[in-house]
Each structure stands twice: as C-alpha cells, then as structure tokens.
Amino acid sequence: MLRLLFSIFIFLAGIGRCLAGEPELVIRFTTQAPPNGQQFQSMLHFKERVEAESHGRMRLDIYDSGRLFEDGQVAAAVSAGKVEMGHVNLSRYAETTLVADAYYLPFLFTDAAVERASRAPESEIRQLIEDAILRNAGARVLWWIPEGSILLMTKDVSVANPAALAGKSVRISGPTIAETVRLCGGRPKDVAANEQPKAYASGAVDVGMTSITAVMARSLYQSMKTITRTGHAASNFVVVVNENYWRSLTDAQRTLLLTAARIADNEAADRLIEFEEAAYAELERKDVKIISLSRRDLQLWRICSSDVLTNFVAKAGPVAGQLVAAYARLRQHPCCNPVEVREPGN
C-alpha cells in the first residue's frame with residue numbers, strides 16, 4: 001500500500017507540472033455534512049490534495065452543512081449542472097435509479113467483509129451502480145464515502161423487536177428503507193440529514209434511523225439516548241461530478257481528480273473501521289444505552305421485511321438481476337466466504 005501511495009504521489013507531481021500553463025479552475029462542491037464530521041474530512045483531504053498537486057491551478061470551494069443545497073437536493077443539483085460536484089447519499093438516486101438503493105435492502109450487506117468488498121473500486125456491484133447513475137442521472141462517481149451500518153435511535157425505549165415500531169414515525173431516506181419500515185409496522189418520514197437534530201429534539205419523529213457517523217457528527221445522542229444496533233442496512237455516500245462538466249475538463253485536470261479520488265476512496269474505507277469501534281465506545285462513556293438484537297429479534301426483523309428484496313427486483317428491472325448475480329459471485333469469493341475447505345482424508 002505504501003509503495004502504491006508513493007507512486008501515486010509521484011504521478012500527481014507530474015500532472016501538477018502539466019497544469020502549470022492552464023488558467024485557474026474553480027470547482028464548487030456541495031455537501032450536507034458538517035465540517036466536524038468524519039465524512040467531511042475525506043472531502044477536505046481531497047480538496048487539499050488537488051489544490052497542492054495542481055500548484056494552485058485548481059481550487060475546490062466546499063459548501064458544507066447544506067448551505068448551497070440540502071441533502072435531498074444535491075443529486076438533482078449536480079445532474080442539472082447547478083453545481084459541479086456534490087456529496088450524495090446513494091439512496092437519493094433511487095427515484096430514477098433504484099439499483100442505487102441496494103445497500104438499504106434489509107440484511108443483505110450485514111457482513112462487514114461482504115459490504116466492504118462490494119464497494120471496492122473493482123467490484124461488479126459498485127460498477128453496476130455507478131454505470132446506472134451515469135446513464136440515468138448524468139453524474140459520474142469519483143469516490144465512495146461509507147458511513148457504516150444503519151441503526152435505530154429513540155429517547156428511551158428499545159426497538160430490537162420490530163413490533164415496537166407499530167404506529168411510530170421513523171426517519172428514513174429513500175424508498176427501499178421506507179418500505180422496510182412500513183412492512184415492519186412503522187410510519188416512514190423523510191427527514192433531511194441536516195434536519196435530524198431538530199426533528200429528534202422536538203419529537204417530530206419517534207424513531208431515528210441513521211448511521212453511527214451521523215450520530216457522532218451531529219451529536220444526535222444528546223436527544224436520543226437509546227441506540228438499537230439493527231444493522232439491517234449500510235449507509236454509503238458518493239462524491240459525484242456533473243458529466244457534461246467533466247467532459248469539459250482537460251485530460252490533465254481529469255487525471256489529477258481521478259488520482260486524488262482513488263486515494264480518498266481508500267482512506268475513507270480504511271478509516272470507517274476504526275471510527276465505528278471508537279464511536280460506540282465513546283457513546284457508552286456518555287451513558288447512551290446500546291442494544292443489540294437477539295437471535296429471535298433478528299428472525300422477526302427478517303420475517304417482516306422479507307418482501308422488500310422481491311419487490312426491489314421486480315421494480316428495478318434487468319439491472320437488479322445483474323446485481324443479485326454479482327452478489328452471489330461475491331459471496332463465493334474467498335474474501336467473503338472464509339469457510340476453510342478441507343480435502344478428503346485431511
């Protein structure tokens with residue numbers, strides 16, 4: 001890995017010299033993430049790397065905390081060319097590209113090794129999703145920023161048993177997770193990422209549904225003191241660039257952005273593992289109650305959400321079949337199927 005990073009840095013230095021004679025390029029970048037959050041650091045490091053390696057010929061202006069566009073507006077804004085780059089929750093593409101909501105399919109990506117391998121740059125699943133976003137939304141994915149497993153939050157009650165959702169409003173983002181909530185007895189309510197603190201503190205929703213990254217970045221534990229680790233889905237964000245804008249760039253500019261994005265992709269994946277463990281430890285020190293699912297709870301969640309995958313495949317069309325086939329191949333790969341195979345007689 002160190003040798004690879006060294007080679008990339010040498011390559012970037014060469015690209016920077018190629019840009020020396022070009023006029024300054026300013027790229028606007030919108031995100032709903034707060035500047036103190038884990039996700040924002042990935043974007044900040046990308047900005048710093050691009051500006052340093054281009055010797056100031058490329059500048060990224062990052063508009064954080066939804067100042068330019070809110071969570072649910074970013075995908076459309078980038079597609080329409082209202083802003084050059086954006087940081088988007090994959091589920092926000094689901095209205096036009098349902099396959100982008102695959103990580104919200106209940107209990108499909110609960111295994112950490114499978115989930116990480118599925119979003120690696122060379123993954124079939126990742127390529128299917130990125131190609132569909134480019135084709136349907138006119139946005140090119142540069143890199144992924146994972147947020148970790150989805151959890152549920154309440155003020156003081158456990159929702160380990162899905163029966164506890166009956167009649168309660170539950171914060172969601174995207175149609176797949178909304179269907180899971182409905183089938184398991186809750187009332188889905190779409191709340192923008194940056195509106196979560198207000199919604200939870202005011203009681204506008206009964207149950208929060210988000211990632212551990214968002215919990216820490218937005219201090220959601222201040223009003224929601226009980227966390228149920230359902231782990232039924234995984235939250236992934238992508239950084240995208242408008243395709244028409246991308247084609248207007250020079251080869252040197254595109255190469256520099258792609259190379260910096262590759263570094264950012266690796267860093268974001270590596271940092272999530274350490275971050276999740278440290279975050280839960282910190283929450284326990286803050287007297288937040290952490291609840292895990294029992295075997296019976298997990299069975300009940302699987303039962304009530306069992307129709308979601310079938311409905312997803314029916315609605316998403318041929319690409320859904322390709323995704324399911326890619327998932328099956330991934331589960332057979334040594335990275336994600338660690339069962340030791342013994343030869344007869346051994």
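Details
- Calculated on the Cα set of region 2-332, radius of gyration then Dmax: 20.0, 65 Å.
- Taking every DSSP bridge with both residues inside region 2-332, close to 55 percent are antiparallel.
- Across region 26-38, rounded Karplus estimates of 3J(HN,Hα) from the backbone phi angles (6.51 cos²θ - 1.76 cosθ + 1.60, θ = phi - 60°) give 10, 10, 8, 10, 10, 8, 8, 5, x, x, 8, x, 4 Hz, Gly and Pro being marked x.
- Each Lys or Arg adds one and each Asp or Glu subtracts one; over the other residues with Cβ under 11 Å from the Cβ of Ala233, this totals -3.
- Using C-alpha pairs under 8 Å with a sequence gap of at least 6, the mean separation divided by the residue count of region 2-332 gives a relative contact order of 25 percent.
- Cut-off 9 Å between beta-carbons: net charge of the residues surrounding Ala199, Lys and Arg +1, Asp and Glu -1: +2
- Cross-link reach is defined here as a Cα-Cα straight distance under 14 Å, omitting same-chain residues fewer than 8 places apart; for Lys289 the aspartates and glutamates meeting it are Asp156.
- Comparing Leu183, Leu25, Leu151 in a Gaussian network model of the chain where C-alpha atoms under 10 Å apart are linked, the largest mean-square fluctuation is found at Leu25.
- Counting charges near Glu277 (Lys, Arg +1; Asp, Glu -1) among other residues having Cβ under 12 Å from its Cβ returns a value of -3.
- Annotation: peptides 103-109, 292-298, 216-222, ranked by per-residue average of other Cβ atoms within 10 Å with the highest first, follow the order 103-109, 216-222, 292-298.
- Angle of helix 295-304 to the longest C-alpha principal axis of the chain, folded into 0 to 90 degrees and rounded to 10: 80°.
- The charge dipole of the chain, taken about its Cα centre with unit charges on the Cβ atoms of Lys, Arg (+1), Asp and Glu (-1) only, comes to about 500 debye.
- Based on DSSP H segments of at least four residues, each scored -39500 (n - 2.57), the chain has a per-residue ellipticity at 222 nm of -14000 deg cm²/dmol.
- Couplings 3J(HN,Hα) of region 283-289, computed from phi: 4, 5, 5, 8, 6, 7, 7 Hz, in residue order, whole Hz [Karplus 6.51 cos²θ - 1.76 cosθ + 1.60, θ = phi - 60°; x for Gly and Pro].
- Within straight-line cross-link reach of Lys82, lysines at Cα separation under 24 Å, skipping those fewer than 8 residues along the same chain: Lys47
- Cross-link partners for Lys198 among the lysines, with Cα-Cα distance under 19 Å and sequence neighbours closer than 8 places in the same chain left out: Lys155, Lys168, Lys189, Lys225.
- Sorted on the mean count of surrounding Cβ atoms within 10 Å across their residues, most packed first, peptides 113-125, 131-143 read 131-143, 113-125.
FYI, it's all coordinate maths here, none of it is from the lab. Quantities reported herein were computed from a predicted structural model and do not represent experimental measurements. A quick note on method: Cβ atoms are made from the backbone with ideal geometry, for glycine too, and the neighbour counts reach across all protein chains shown.
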